[in-house]
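For reference, the structure discussed in these notes is given below.
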Amino acid sequence: MSNKVKCIIVDDESVARDIIASHISKISALELVAMCKNAIEAFNYINNHKVDLIFLDINMPEISGIAFAKSINTNIKVIFTTAYRDYAVEGFDLQAVDYLLKPISFERLFKAVNRYFEINTFRVVEIASSNDTNDFIFVRSNRRMVKIEFSTILYIESFSDYIKIHIKNQSSKSETIVTRETISAIEAKLPQHQFLRIHRSFIINLSKIESFTNEEVTIHRNALPISRSYKKEVLNHLEKY
């Protein structure tokens, strides 16, 4: 008999379900047993199958995630997933394990899962395989979740509470994707061996560097400044190449 934690995803957005499912697949202690488009599907499933943990969207048609969470057995734990910060207080009032704001990175979901295990006095979970990590992320832009492969990113530029992700698309043309997120939050989602913060407003893809000096890095004919606070670390890193 499997001793894995049986979990389901409840979300009306197919892209959101796929992202969470991909994250779950990397955690060997979890077993994804169902993906449901709404609360009614989820209710029917948990009435006929054992479920330990639900990744539950809040803003869904007909029955909200909050209402659904109030109706289920308290032995089933909930990690809320939503694009809206406003529900956080109500979510924690229901003693949710955690509250994840979309777009959800693997690191953030992994932290939430470990919190579940801590609450239930289990061991801290392990990643199934370091070779399974994604080579892409999803970001919200123009009300859509947009897939961005790490290999296409040239650099990332910050403007207050949103960022511009400069990429080189399949036709080798540069393109900019704008998303409402801080540069520190996006930095946490990027593989450290591939990206480097050179300034409070810039993260670069190391493989896209054309040239550099003590003051700037050139990528795709754009000179990006190296700030004083990052200079020592950046130059030490670049000199390794």
Take the residues of segment 94-119 that are within 9 Å of the chain's Cα centre (by Cα), outside any strand (DSSP E or B) and aliphatic (A, V, I, L, M): which is farthest from Thr74 (Cα to Cα)? Ile104
Among the residues of segment 157-180, are any open to solvent by 40 Å² or more (accessible area, probe 1.4 Å), closer than 24 Å to His23 by Cα and free of Cβ contacts under 8 Å to residues at least 40 places away in the same chain? yes
Taking segment 211-230 and keeping only residues that are exposed (fewer than 15 other Cβ atoms within 10 Å of the Cβ) and assigned to a helix (DSSP H, G or I), one is left with Arg228, Ser229
Of all residues in segment 54-68, how many are open to solvent by 20 Å² or more (accessible area, probe 1.4 Å) and within 20 Å of the chain's Cα centre (by Cα)? 1
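A quick yes/no check of all residues on (1) more than 18 Å from the chain's Cα centre (by Cα); (2) closer than 23 Å to Glu216 by Cα; (3) at pLDDT below 90:
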residue: Ile156; (1), (2), (3): no, yes, no
residue: Ser160; (1), (2), (3): yes, yes, yes
residue: Lys164; (1), (2), (3): no, yes, no
residue: Gln170; (1), (2), (3): yes, no, yes
residue: Ser174; (1), (2), (3): yes, yes, yes
residue: Thr179; (1), (2), (3): no, no, no
residue: Ser184; (1), (2), (3): no, yes, yes
residue: Leu196; (1), (2), (3): yes, yes, no
Out of curiosity, is Asp135 under 13 Å from the mean Cα position of the chain (by Cα) and of a type outside the set (Phe, Trp, Tyr)? yes
Counted residues, segment 192-210 - those being outside any loop (DSSP other than H, G, I, E, B) and either in contact (Cβ under 8 Å) with a residue 40 or more places away in the chain or open to solvent by less than 60 Å² (accessible area, probe 1.4 Å) (or both): 13
Of all residues in segment 25-53 being touching a residue at least 60 places away in the same chain (Cβ under 8 Å) and open to solvent by less than 60 Å² (accessible area, probe 1.4 Å), the one that is nearest to Ile119 (Cα to Cα): Leu53
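The values are calculated or read from the model by the stated rules, or taken from the named source; none is laboratory data. In this text, all values refer to a predicted model and were calculated from it rather than measured experimentally. Heads up, the Cβs are rebuilt from the backbone with ideal geometry, glycines too, and the neighbour counts pull from every protein chain shown. To get the accessible areas, we keep the full protein, side chains included, count just its heavy atoms, and leave off ligands, DNA and RNA. Shrake-Rupley method; radii C 1.70, N 1.55, O 1.52, S 1.80 Å.
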